[in-house]
1. Cβ under 14 Å from residue 26's Cβ, residue 26 left aside: what net charge do those residues give with Lys, Arg +1 and Asp, Glu -1?
2. If R₀ is 25 angstrom, what is the calculated FRET efficiency for the pair residue 17 and residue 81, using the beta carbon separation as r and rounding to 0.05?
3. If I take R0 = 30 Å and measure r between the Cβ atoms of residue 37 and residue 106 in this structure, what FRET efficiency does the formula 1/(1 + (r/R0)^6) give, to the nearest 0.05?
4. Give me the accessible area per residue for the stretch 5-75, probe 1.4 Å, as a whole number in Å².
5. What is the calculated FRET efficiency for residue 117 to residue 27, with r their C-beta to C-beta distance and R₀ = 35 Å, to the nearest 0.05?
6. Which stretch or stretches of the stretch 1-16 have amide N atoms under 15 Å from the point lying 7 Å from residue 48's Cα along the Cα→Cβ direction?
7. On average over all directions, what projected area in square nanometres does the chain have, based on the convex hull of its Cα atoms?
8. Can you give the helix-only mean residue ellipticity at 222 nm for the chain, where every DSSP H stretch with n ≥ 4 adds -39500 (n - 2.57) and the sum goes over all residues, rounded to the nearest 500 deg cm²/dmol?
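The values are calculated or read from the model by the stated rules, or taken from the named source; none is laboratory data. Everything numeric in this text was worked out from a predicted model, so none of it was measured. Virtual Cβ from ideal backbone geometry, glycine too; neighbours counted across all protein chains shown. Only protein heavy atoms, including side chains, enter the accessible area calculation; ligands, DNA and RNA are left aside. Shrake-Rupley method; radii C 1.70, N 1.55, O 1.52, S 1.80 Å.
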Amino acid sequence: MRFVCLIYNSADTDGTLSQAEGDELVRAHFQYDEELQRKGIMIHSDALEGPDRASVLRVRDGTLSSTDGPYVETKEHLAGIYIIEAADLEDARKVVAGIPSVRVGSIELRPVRLLTLPQ
């Protein structure tokens, strides 16, 4: 089964890690990513820029509109993603438990819904 792991950082703790703590967190992510790749679990992972660098796009009545972030005052923002392959939800939870950012934020684990083309 394929899962997406959505990493959320708390607005309350953003910027509170020291340079050394931040560097260690990044190193831990690289090490964990390598381990997941060796095991054939990792499909993809990326960190995301902050919400101030985001845009929301919509097309309404044939017109494209864009809104630059941040959008609303929230306690958490999407900071990164992992896309993994796991046997089941329990195995996916074990993978998430090892993602370093789970120690400073939260991770939403969601099964990927595989769509098929209608006949």
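1. Details: positive: 27, 103; negative: 21, 23, 24, 33, 34, 46.
Around residue 26, the surrounding residues sum to -4.
2. Details: r = 20 Å, r/R0 = 0.80.
Efficiency for this residue pair is about 0.80.
3. Numbers: r = 24 Å, r/R0 = 0.79.
After rounding to 0.05, the efficiency reads 0.80.
4. Values: 5450 Å² over 71 residues.
Here the per-residue accessible area is 77 Å².
5. After rounding to 0.05, the efficiency reads 0.25.
6. Residues passing the 15 Å test: 4-11.
7. Details: hull surface 40.7 nm².
Dividing the Cα hull surface by four gives the mean projection, 10.2 nm².
8. Working: 2 runs with 30 residues, N = 119.
That calculation yields -8500 deg cm²/dmol at 222 nm.
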